[in-house]
Amino acid sequence: MATDNMQLEAIREKIENGKRLTFEDGIFLEEKADLFFLAKMAHLVRTRKNGLTGYYNVNVHLNPTNVCVYRCSFCAFRKNMDEAGSYVMSDEEMLARAADADRRGATEMHIVGGLHNRKPFEWYRDILSLIHKAYPKIHLKAYTAVEWDWFQRLTGRPVKDLLAEFRDAGMGSMPGGGAEIFHEEVRSKICEHKADTSKWFECHREAHKLGIRSNATMLYGHIEKPMHRIDHLVRLRELQDETGGFQTFIPLAFHPQNNKLSYLPRPSGLMDLRVMAISRLMLDNFPHIKAYWVMLGIKTAQIALWHGADDIDGTVVHEKIYHDAGSDSPQELTVKEIRHLITEAGLNPVERDTLYHEVIRGPEMNWKRGISLTVTN
Ligand code: V47
Ligand code: SF4
């Protein structure tokens with residue numbers, strides 16, 4: 001029988017030679033590898049793919065409504081229709097948010113929200129055309145698989161038609177939310193009613209087939225076990241083998257305030273870094289891994305850049321989902337602060353757009369799209 005050391009050495013050899021890790025290797029890393037080993041290996045893979053670059057972008061969040069028909073147990077953002085604190089933004093408010101984004105030189109608006117009991121699918125589509133017509137340069141990263149599944153339920157139409165229609169209205173790409181944990185043992189306990197795992201994958205597969213890029217997430221640090229996390233990563237890796245349409249993977253640390261899982265502690269800093277590194281190692285076909293500072297906190301996000309992450313997300317203004325759930329990170333980081341975080345970590349800050357082209361800034365808030373920065377290997 002192989003000893004733990006022999007097994008660890010075999011994994012090291014695989015990583016150094018660019019070979020794929022198995023599900024069992026992933027479990028072994030979860031259970032036996034120390035943080036130094038994980039960091040060293042993940043950093044090797046991150047430098048192979050992205051050198052010593054630390055990517056960031058300039059973006060703004062828009063959550064058009066917090067009214068939601070679902071009741072995911074981890075969610076602190078949703079409200080019932082008539083509940084105090086519920087809101088639906090007007091077109092004017094959303095346009096004002098887009099104008100603000102434009103003024104700040106944002107290259108991206110990240111648009112996600114609740115599934116409103118009374119809003120038809122056209123409301124969601126028209127938000128995109130409204131903003132896109134007024135500010136065509138801003139990339140709209142809009143609506144998670146859960147929302148696409150909801151539009152499908154509302155209309156009875158195939159998701160590929162809906163995606164094409166929304167793309168024509170201005171959608172640029174799909175964010176990675178709604179993935180939570182794919183394994184049924186967990187999914188059935190934390191979000192049993194919304195898009196199931198096969199629907200989540202169907203939406204992303206169809207998007208990729210249409211040439212629409214997307215991201216993927218994993219909500220960790222609640223009731224899931226290591227096996228569920230590794231299963232999640234392996235499933236994502238399989239779709240990426242098939243389509244190549246994923247850009248970035250974003251591990252999302254569970255925030256326990258104001259939701260039905262408030263009895264759970266927050267994941268530790270150690271867990272944040274371990275999950276980041278293991279994600280980098282398992283997702284050998286994902287070009288990027290993002291340390292989303294809003295949920296990790298600035299300090300952990302900075303260190304995560306040495307644990308497999310190559311991207312720190314954006315300047316992020318008006319984020320609600322995590323802040324409602326108790327995130328104590330600020331609402332906004334300036335470009336200067338983000339660049340400082342990255343440089344202080346010994347890395348080279350590069351501004352990217354949503355599709356990982358370099359952003360070249362001129363005077364004032366003028367910017368143009370440069371070359372593609374993603375190396376596929
Ligand atoms: O799916 C909700 C998560 C996600 C909580 O694609 C929570 O670039 C922790 O998808 N604690 C939505 N997490 C956010 C999202 C995202 C974020 C950043 C970048 C990108 C991208 C996508 O937020 C949900 C859920 O997993 N979430 N509540 C909570 N209490
Ligand atoms: Fe609704 Fe999304 Fe919250 Fe679930 S996570 S309750 S789908 S807003």
- Take segment 136-153 and flag every residue that is in a helix (DSSP H, G or I) and either of a type in the set (Asp, Glu) or closer than 19 Å to Lys368 by Cβ (or both). Glu147, Asp149
- Message: Looking at segment 209-221 only, could you name the residues that are open to solvent by 20 Å² or more (accessible area, probe 1.4 Å) and not charged (D, E, K, R)?
- Response: Leu210, Gly211
- Note on the structure: All-but-one check, Glu83 against (1) of a type outside the set (Ser, Thr, Tyr); (2) at pLDDT 95 or above; (3) in contact with a helix residue (DSSP H, G or I) (Cβ under 7 Å, 6 or more places away or on another chain); (4) part of a loop (DSSP other than H, G, I, E, B), failing number (3)
- Task: Tell me, yes or no, whether segment 23-34 has at least one residue that is open to solvent by 20 Å² or more (accessible area, probe 1.4 Å) and of a type in the set (A, V, I, L, M).
- Result: yes
- Hits in segment 153-193 (condition: among the hydroxyl-bearing types (Ser, Thr, Tyr) and surrounded by 18 or more Cβ atoms within 10 Å (Cβ to Cβ)): Ser173
- Item | segment 44-69, residues that are closer than 21 Å to His307 by Cβ and surrounded by fewer than 18 Cβ atoms within 10 Å (Cβ to Cβ) | Leu44, Thr47, Arg48, Gly51, Leu52
- Note on the structure: Of the residues in segment 52-68, those that are without any contact (Cβ under 8 Å) to a residue 60 or more places away in the chain and either within 16 Å of the chain's Cα centre (by Cα) or part of a loop (DSSP other than H, G, I, E, B) (or both) come to Cys68
- Among the residues of segment 226-234, is any open to solvent by less than 20 Å² (accessible area, probe 1.4 Å) and within 16 Å of ligand 2 (Cβ to nearest atom)? no
- Item | Residue match in segment 307-321 (condition: at pLDDT 90 or above and either open to solvent by 10 Å² or more (accessible area, probe 1.4 Å) or within 16 Å of ligand 2 (Cβ to nearest atom) (or both)) | yes
- Item | Test for His183: is it within 16 Å of ligand 1 (Cβ to nearest atom) and either aromatic (Phe, Trp, Tyr) or modelled with pLDDT of 95 or more (or both) | yes
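The values are calculated or read from the model by the stated rules, or taken from the named source; none is laboratory data. Quick caveat: nothing in here was measured; it's all calculated off a predicted structure. Backbone-built Cβ (ideal geometry, glycine too); neighbour counts: all protein chains shown. All accessible areas refer to the heavy atoms of the entire protein, side chains included, with ligands and DNA or RNA removed. Shrake-Rupley method; radii C 1.70, N 1.55, O 1.52, S 1.80 Å.
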